[in-house]
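Taking it in order: structure first as structure tokens, then the write-up.
The values are calculated or read from the model by the stated rules, or taken from the named source; none is laboratory data. Given the structure is predicted, the values throughout are model-derived calculations rather than measurements. Cβ sites come from the backbone with ideal geometry, for glycine too, and all protein chains shown count toward neighbours.
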Amino acid sequence: MASGVKPRVKVPKSAAAGEAITIKTLISHKMESGQRKDSDGNIIPRSIINRFTCDFNGENVVDVELAPAISTNPYFEFEALVPEAGEFKFTWYDDDGSVYETSKKIAIG
Amino acid sequence: MRKLTGAILATLLTTPVAFADPVDDTLVLNEETEIVTRTAAPDHLSDSLDEVMSGWLFRGKETRAMQADDFDNPGMIFVEQAMDSWNAVDGSEGKSCASCHDGLETMAGVKATYPKWDEAAGKVQTLQMQVNECRTERMGAEAWPYDKGNAINMEAALSSVSRGLPVNVAIDGPAKETWEQGKDMYYTRTGQLELSCANCHEDNYGNMIRADHLSQGQINGFPVYRLKNTKLNGSHSRFKGCIRDTRAETYKPGSPEFIALELYVTSRGNGLSVEGPSIRN
């Protein structure tokens, strides 16, 4: 497992029904591209987050495939429609098989 | 038509080219903490500058916006890491920072006064040196290497709770000698290019240096998250980069020369807000 990985998300605590809210997510990750060499000339193996998803009450909001050229600490900002109270679930998939998850509840009102 | 084109061209030619000038903008952190990025120069600078300006004003719109929200500020990732070390017991005495100091927020205002004279040590100390003094003398832990990982993260964390407070380092009393040494360094030309700090940051701020904007070289925003190396950078490491660019042999981060220079350069920003961890290019 890559070290120092920590997901962070920012979701408003509440929204009006049907409102589009802005969600910000960031995961600290070194995003090693697999193109670089160390001081001995050996290739540093690729280690990136390759997929990010966000679901709301089981329904998919975004599903993103990440490529090796994406820089360290990938940050996503997107909008989501909130039809009802519920929970956003965020998932990041690491090359090494690790899965990082976090979730945020949102109320209507 | 030709006449019209001529008129437009003339307008373009007479409009002053001011791409590198500091912008007119206000920095408010997280929609609550107003940051002073522009203020009257401290008395000791009255012969050379009227106004001191944070490097924030010399950066692009996107970079400026990134710093205005803690979530968007990647420097805060490192602050979070430092919070873990703040609470982590280390060394032979079984203590953490929190054992003596409680919460990190109790350290508000500390960053604003460093570097400062330390009576017991008999010299000017930077904040990182003070942290290491705590580690070696009170925690029985190993000192952190200067401007590296843990040390720079902790400096950023201590700085983050002082954001918005004015930089106020003492330059008189016992610190005066060190301050004078730093001032000498600031105005001394070095390297094959024979440049002093002042040549760029006092005489030419607001102009371009190749493709980049020259700021006043204020360090109220340190530690700085640099987009070019995606990590926190200490002021000593930045000094080293500048001195290297004059093609001179440089000093080491944590050396007495850089401590003196840090005190002097910090004092040039007395009155600006503590901003670290800030975002620069």
Filter result (within 10 Å of residue A:54 (Cβ to Cβ) and among the aliphatic types (A, V, I, L, M)) within the range A:74-109: A:80
Residue B:235 being in contact with a Gly (Cβ under 7 Å, 6 or more places away or on another chain) and either polar (S, T, N, Q) or surrounded by 20 or more Cβ atoms within 10 Å (Cβ to Cβ) (or both): no
Matching residues, the range B:46-81, being within 14 Å of chain A (Cβ to nearest Cβ) and without any contact (Cβ under 8 Å) to a residue 24 or more places away in the chain: B:62, B:65, B:71, B:72, B:77, B:80
Residue list for the range B:43-56, restricted to those being assigned to a helix (DSSP H, G or I) and buried (at least 22 other Cβ atoms within 10 Å of the Cβ): B:55, B:56
Residue in the range A:61-68 that is out of contact with any strand residue (DSSP E or B) (no Cβ under 7 Å at 6 or more places or on another chain) and in contact (Cβ under 8 Å) with a residue 40 or more places away in the chain present: no
Any hit, the range A:85-101, residues being among the basic types (Lys, Arg), more than 26 Å from residue B:79 (Cα to Cα), touching a residue at least 12 places away in the same chain (Cβ under 8 Å) and away from chain B (no Cβ under 14 Å): no
Selection within the range B:140-179 - within 20 Å of residue B:76 (Cα to Cα), free of Cβ contacts under 8 Å to residues at least 24 places away in the same chain and of a type in the set (Lys, Arg): B:148
Leading residue by the ranking (surrounded by the fewest Cβ atoms within 10 Å (Cβ to Cβ)) among those in the range A:26-79 that are among the charged types (D, E, K, R) and within 14 Å of chain B (Cβ to nearest Cβ): A:36
Search result, residues across the range A:1-25 that are within 12 Å of chain B (Cβ to nearest Cβ), surrounded by 15 or more Cβ atoms within 10 Å (Cβ to Cβ) and in a strand (DSSP E or B): A:6, A:7, A:8, A:9, A:10, A:23, A:24, A:25
Filter result (modelled with pLDDT of 90 or more, closer than 21 Å to residue B:82 by Cα and of a type in the set (S, T, N, Q)) within the range A:1-27: A:25
Residue B:14, sole failed condition from (1) modelled with pLDDT of 95 or more; (2) more than 30 Å from residue A:10 (Cβ to Cβ): (1)
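Filter the range B:183-215 down to the residues that are hydroxyl-bearing (Ser, Thr, Tyr) and free of Cβ contacts under 8 Å to residues at least 24 places away in the same chain, then identify the one that is surrounded by the most Cβ atoms within 10 Å (Cβ to Cβ).
B:196
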Residue list for the range B:82-97, filter: under 14 Å from residue B:159 (Cα atoms) and within 13 Å of chain A (Cβ to nearest Cβ): B:82, B:83
Residue within the range B:188-196 that is part of a strand (DSSP E or B) and not acidic (Asp, Glu) present: yes
Index of the failed condition, residue B:78 passing every other in (1) in contact with a helix residue (DSSP H, G or I) (Cβ under 7 Å, 6 or more places away or on another chain); (2) modelled with pLDDT of 95 or more; (3) among the hydrophobic types (A, V, I, L, M, F, W, C): (2)
Residue match in the range B:262-271 (condition: touching a Pro at 6+ places or on another chain (Cβ under 6 Å) and closer than 18 Å to residue B:40 by Cα): yes
The range A:94-109, subset surrounded by 14 or more Cβ atoms within 10 Å (Cβ to Cβ) and touching a Ser or Thr at 6+ places or on another chain (Cβ under 8 Å), residue farthest from residue A:12 (Cα to Cα): A:95
The range B:119-134, residues that are charged (D, E, K, R) and modelled with pLDDT of 95 or more: B:123, B:133
Residue list for the range B:136-177, filter: more than 22 Å from residue B:35 (Cβ to Cβ) and acidic (Asp, Glu): B:137, B:142, B:147, B:172, B:177
Residue B:273 vs. criteria under 12 Å from the mean Cα position of the chain (by Cα) and closer than 23 Å to residue B:21 by Cβ: yes
